[in-house]
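Okay, so here's the structure we're looking at.
Throughout, read-outs are computed from the coordinates displayed, never taken from laboratory work. Quick caveat, the model's predicted, so the values are computed rather than measured. Quick reminder, even Gly has a Cβ in these numbers, built from the backbone with ideal geometry, and neighbours come from all protein chains shown.
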2 protein chains.
Amino acid sequence: LLAFREKVVGSCRRVWRIGADDPRRAVHGLKVGLALALVSVFYYTRTLYDGVGGAAMWAVLTVVVVFEYTVGGCVYKGLNRAIATASAAVVALGVHWIASKSGDKFEPFIRSGSVFLLAAAATFSRFIPTVKARFDYGVTIFILTYSLVAVSGYRVDALVSMAEQRVCTISIGVSICLAVSALICPVWASQELHLATARNMEKLAGAIEACVEDYYLAAAADEEDEPTNNSKKQPSSKAEGYKCVLNSKASEDSLSNLARWEPPHGGFGFRHPYGQYKNVGAAMRHCAYCVEALTGCVRSAGEVHPAKAPGRRQLADACTRVAARCARVLREASGSVRSMTTSRALDMAVADMNAAVEEMQADLRSIPSSCLLLAGSAAENTAATSALMDAAAQLFTVTSLLIEVSSRI
Amino acid sequence: LLAFREKVVGSCRRVWRIGADDPRRAVHGLKVGLALALVSVFYYTRTLYDGVGGAAMWAVLTVVVVFEYTVGGCVYKGLNRAIATASAAVVALGVHWIASKSGDKFEPFIRSGSVFLLAAAATFSRFIPTVKARFDYGVTIFILTYSLVAVSGYRVDALVSMAEQRVCTISIGVSICLAVSALICPVWASQELHLATARNMEKLAGAIEACVEDYYLAAAADEEDEPTNNSKKQPSSKAEGYKCVLNSKASEDSLSNLARWEPPHGGFGFRHPYGQYKNVGAAMRHCAYCVEALTGCVRSAGEVHPAKAPGRRQLADACTRVAARCARVLREASGSVRSMTTSRALDMAVADMNAAVEEMQADLRSIPSSCLLLAGSAAENTAATSALMDAAAQLFTVTSLLIEVSSRI
């Protein structure tokens, strides 16, 4: 029993932390509750209820299904739902007219046949990438509305007034959703995307610095011959920061898809280049792969005995400098993304980085060959530097992309 | 007009290719149509219609919303929908009983208040990772049903019979969905996951081989001093194969989540270790990051003039051998995943690979130091070999994981 109690307390604490980490999540829950409470007023007020009748249910249903965490998600689902319902209703009324003229015998076949064909075609269209990204929800609603209207037309007589009521209630639901989500503590997908990009850059910067630092700290500790294994084995949390960059593709894609639907707000204009965020994200992931490879090298280098690694110290200065410059470029870039400006400081940081890379290459050539004879660990070392250089090259791509982006804003 | 016509033809051809690449997509469309046609029979048959009345609409709605591409997705949504509807109806009837006892004045407030509270709590619970992964859809349906029943209880009298009808129609819809999706050309999420894992391994194997081959081919071409730049610049399609492994996390996660819901079928038992696929996938992504770094090294090595790269040829044999062994291990592993057995050939391939890696390390040490003086390109070279070694180490992890997996089957 005590174990059970501890479990409950533990999971309660975890849930509390989810809310405390990002209070907007709790606010989102309250917003959904508020939107539902607002829509339920339609049931309680006699005059409003008489206007739409039992179809008021559809307003409730719309609010539950359309309300999303970000404003972009809400607009996407709301518009898709409204347009798909309207167009499906028009098509269905047309087919209904044909079916009702065709006699009792053929009527069910025409209705079912048209549902079969349209549903099959629409479902297949969801596999087309563009449709999938932008109209997935709309296609579902199209199938839904079409089959509801076409099939129930067989039993219901006042089909047109039913369709009218439904479109009316759905637009009420959609507008309540949009008002609540955009006016009360709005969560903009574009802003999330923007901040995530800047944050990822800073994490990468921290990881590059921490990784190279760890490498030389470990080397120094080894040379003092102290058994500091436990301090070596735990990479600092900074060095782990790049891991979330590795798998950022899915969330970036969905955010930039949703951000397209958002109206202009704050610094985000009507034709904000959201596609560019994807390119920057891809370049950053590339950079993160390099950091990953670098970490691998550092980890395996930690296992080589330091006495065999004489080449290591000669490069320490150059490497640390390159890493620091890389980190500075990333931080400048992050700052320039945050403020949506091109700063001259960024250009200068890039130039500094390139100079540092060239210095490192020169240092690499000037290492006495006697050291390199013990190639086992020198390989690690040069691999590390090469990965760093690769990362720097990637960074160059990132920054040139960024400059392009900021020139467009 | 001609340009427009060409555009239409082009997009038609693209759509056709989507269907031709994977005919199961077209079959999926037809299956949705079939399920809808089946459910619409309820409207046309007098006796069935009298049984459920106007609530037959809910069966149509359920089919449209629940039908998913994989069987696992169908079961997940169907079970979530059925259980969430039933539990929400029970809670809502309880609240309805309290509200109807509390007098006209307080009734709307009790109803709206309970909707507000429950909706806020349920929406917030969707941010908890476990709930998100397994019951996301169920929570939406819970909110939906609860608010519909609780709110419409204010106007509708025969609430219990309404709830009964609805549960009945929803279970009809769910069972039609399950029958159609599991009996006619079923697409099992578990099988998709299984095949994708095996396919990714083969792609990685091809990429490792092709990458190292490209490197030495380019070197050879350079030494013949022919301007074969164009053949160098285009990496073979094999070498690009690893790119889809890099971003496989999202699809793997969703597939393994859905596969959990599937009933036992074929070689997949009731407690098939789907979680292990995620681990294998993570190890393979790690491997792909190494390949990515390796490709970067090869690309930048292509720009160094070959006269400065004397160390390159000494290692050619060793590198090619390591790459070939790595690829063999991956192919063996892929075969062992496909057949779900542990083969002794895999163990032997791993042993071979480790031997080749050690040979390469020995070769690396024996390179005359005079070559290494020209460290500029030797760095590239050793970086490449180090990345290969890293990849081999990762492979070792993959295979040990695999052996664990297969011992559990």
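Computed quantities for the displayed model
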read-out	value
Förster-model FRET efficiency, 56 Å R0, residue A:11 and residue B:5, C-beta, rounded to 0.05	0.35
Pseudo-label separations to other copies for residue B:105 - Cα-to-Cβ vector, 7 Å, nm	6.7
Average beta carbon contacts from partner chains per residue of B:7-15, 10 Å cutoff	1
Spin-label model distance (nm) - residue A:101 vs residue B:34, 7 Å beyond Cα toward Cβ	3.3
Shape of the range A:240-282, Cα gyration tensor, a/c cut at 1.5	prolate
Alpha-carbon Rg/Rh ratio, for the range B:107-147, with Rh computed the Kirkwood way	1.06
Trypsin sites (Lys or Arg not before Pro) restricted to the range B:257-286 and DSSP loop, no more than 11 other C-beta within 10 Å	B:271
Neighbour-limited loop hits for trypsin sites (Lys or Arg not before Pro), the range A:59-150 (at most 12 other Cβ within 10 Å; DSSP other than H, G, I, E, B)	A:105
Sparse-neighbour loop sites [chymotrypsin sites (Phe, Trp or Tyr not before Pro); the range B:77-156; at most 13 other C-beta within 10 Å; DSSP]	B:106
Inter-copy label distances at residue A:13 (7 Å, Cα→Cβ; nm, one decimal)	6.3
Ratio of Rg to Rh over the range A:75-208 (Cα coordinates, Kirkwood Rh, two decimals)	1.19
Fewest-first sequence of A:194, A:96 by Cβ atoms within 10 Å of each Cβ	A:194, A:96
Shortest-first distances to equivalent copies, position residue A:132, nm, label 7 Å out along Cβ	2.1
Which of A:291, B:75 has the fewest Cβ neighbours within 10 Å, and the rest in rising order	B:75, A:291
Cross-link table B:132/B:243; A:243/B:77; A:203/B:249, entries beyond 30 Å C-alpha to C-alpha	A:243/B:77
For the range B:37-136, projected area of the alpha-carbon convex hull averaged over all directions, nm²	8.8
